[in-house]
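Here the structure comes first, spelled out in structure tokens, and everything after it is commentary.
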Amino acid sequence: QQQQQQQQQQHGVGAAQGNQSSAPSLQASTSLLGWFARGLLYIGQSIFGILRVFLLGTTGGQLGGGYGSGVALTQALTNAYGANLRLPRFYEGSFSQALQAARREAKLLVIYLHSEHGRYTRRFCSEVLSEDFIRGMLDENFLLWGGDIASMEAHRVSQMIHARQYPWFCVLLPASVDEIRVIGALNGDIQVDAASGLLAACLDEMETHRAEIIARREQQVEDRNLREQQDLEYQQALEMDRRRTEEKELLERQQEEAKRIEEEKLRKEQEELAKLQAAKDELQNNRRQRAAAILPEDPAAASRISLRLPTGQRVQRKFASSATLADIYAWAECLQFLPENEGKGLQVPDRIMLKTSFPSKDLVEMSATIEELQLSGTSILLTALEDDD
């Protein structure tokens, strides 16, 4: 038995240095019959555990099968092996959460895989796991996660780390998100010295990896900050592009609206000009027709009327003294179309007012005669009326 304990302790230290488990050395020290018996026992335990999971679910077994937290595991172990059992703190959460916590805190993760059918399980829990020095090391320097292989999660963990015999006690280095290293493992008949040696050796090795882990973590933080900064800059660039696009579209709409208003204004002006021109053409045609109806100057007429146009040009005509002011207005409006004024370039405004020069008086009594108005031999001013006059 002493020789077997020494071999187990040597296996623990060697596992801490990254070597394989001590199962081959233990197997070499046993007889062929013992090896065969242990193999049958392991196979039987595995088959029994799998059947129990399928038949009873994850709540079967002495320890309640798959407990969901460290407190539940501690309670189950104390119920099974004694209320005075003083165990280290088991991590509250799943295996993946424990890995994340270990990476975050730059600590090693210790895994305890429990099997109530293990030959040395009781002694490991009562003498090794609850030993003061080991318990203190685990609480202060490691994260401890435990699971019963009767649960699906612990069974998957056992397959991942290639656990072969229980109890299984190993140390993991969560180097990165995609990399998990088993840097030391003990199983079966685990001694206190072997367990403490494993933990001490792994702590020493952890110091060589701590800087690497911290550097990776800092690099991850830096990469995350860089991505966030790039995302922020990208979003800001998108926002600027969006604003520029909106401003451009707004400017285009404003320009189109201004162009539409200008075109509408020009169209109305052109329509107004066309109306004015049409009215002017109609007025000229009317005056031309009226000019054709005016009789030539009567040689016997004795009242001479001199008319001064706004351009300074002067024309005159003799009227009968019985002619009315309306006759003078009709003559004045048609001046430019009368045969005697052809070629003179006379320009008569569209709307006119006749006035006496001195004293200045508007002539508006259309039915009054020349004699009554005493206009014979006078000079009359022809003035243009504005639209609002």
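The values are calculated or read from the model by the stated rules, or taken from the named source; none is laboratory data. Given the structure is predicted, the values throughout are model-derived calculations rather than measurements. Cβ atoms come from the backbone with ideal geometry, glycine included; neighbour counts cover every protein chain shown. Areas reflect the complete protein model, heavy atoms only, side chains present, ligands, DNA and RNA absent. Shrake-Rupley method; radii C 1.70, N 1.55, O 1.52, S 1.80 Å.
Would you work out which of V348, S303, A278 lies farthest towards the positive end of the dipole of the stretch 245-350, given +1 charges on the beta-carbon of Lys and Arg and -1 on that of Asp and Glu, about the Cα centre? Toward the positive end, the furthest listed residue is S303.
Solvent-accessible area assigned to carbon and sulfur over the stretch 223-312 amounts to 52 percent, based on a 1.4 Å probe. Just check the stretch 226-265 against the gyration tensor rule for me: Cα atoms, a ≥ b ≥ c as the square roots of the eigenvalues, rounded for a/c under 1.5, and otherwise prolate or oblate depending on whether a/b exceeds b/c. Prolate is the answer for the stretch 226-265, as a/c is 1.5 or above and a/b outweighs b/c.
Overall shape: oblate for the stretch 143-226, with the ratio a/c of the largest to smallest alpha carbon gyration tensor axis at 1.5 or above and b/c at least equal to a/b. Note that the stretch 323-372 presents 55 Å² accessible area per residue, ligands and nucleic acids not counted, probe 1.4 Å. Just how far, in whole angstrom, is the stretch 234-285 from the stretch 107-130 if you go by their alpha carbon centroids? About 87 Å separates the Cα centre of the stretch 107-130 from the one of the stretch 234-285.
Extending 7 Å from Cα along the Cβ direction at R290 and again at R242 yields two label points whose distance is 7.1 nm. Of the solvent-accessible surface of the stretch 178-219, computed with a 1.4 Å probe over protein heavy atoms with every protein chain present, carbon and sulfur atoms account for 50 percent. Shown in residue order for the stretch 343-353 are the 3J(HN,Hα) couplings computed by the Karplus curve 6.51 cos²θ - 1.76 cosθ + 1.60 at θ = phi - 60°: x, 7, x, 6, 10, 10, x, 5, 10, 10, 9 Hz (x for Gly and Pro). Taking θ as phi - 60° and the Karplus parameters 6.51, -1.76 and 1.60, the scalar couplings of the stretch 363-374 work out to 9, 10, 8, 4, 8, 6, 8, 4, 5, 5, 8, 6 Hz in sequence order, x denoting glycine and proline.
Average accessible surface for the stretch 158-272: 66 Å² per residue, computed with a 1.4 Å probe over protein heavy atoms with every protein chain in place. The alpha carbon gyration tensor of the stretch 92-199 gives principal lengths a ≥ b ≥ c with a/c of 1.5 or higher and a/b no greater than b/c, which makes the shape oblate. May I ask for log10 I(q)/I(0) of the stretch 246-353 at q = 0.22 Å⁻¹, from a Debye sum over the Cα atoms as equal point scatterers with solvent left out? Relative scattering, expressed as log10 I(q)/I(0), comes to -1.21. Between the beta carbons of I161 and Q100, assuming R0 = 22 Å, the FRET efficiency works out to 0.80 to the nearest 0.05.
Straight-line cross-link reach from K275 at under 29 Å between alpha-carbon atoms covers these lysines, not counting any fewer than eight positions away in the same chain: K259, K265, K344.
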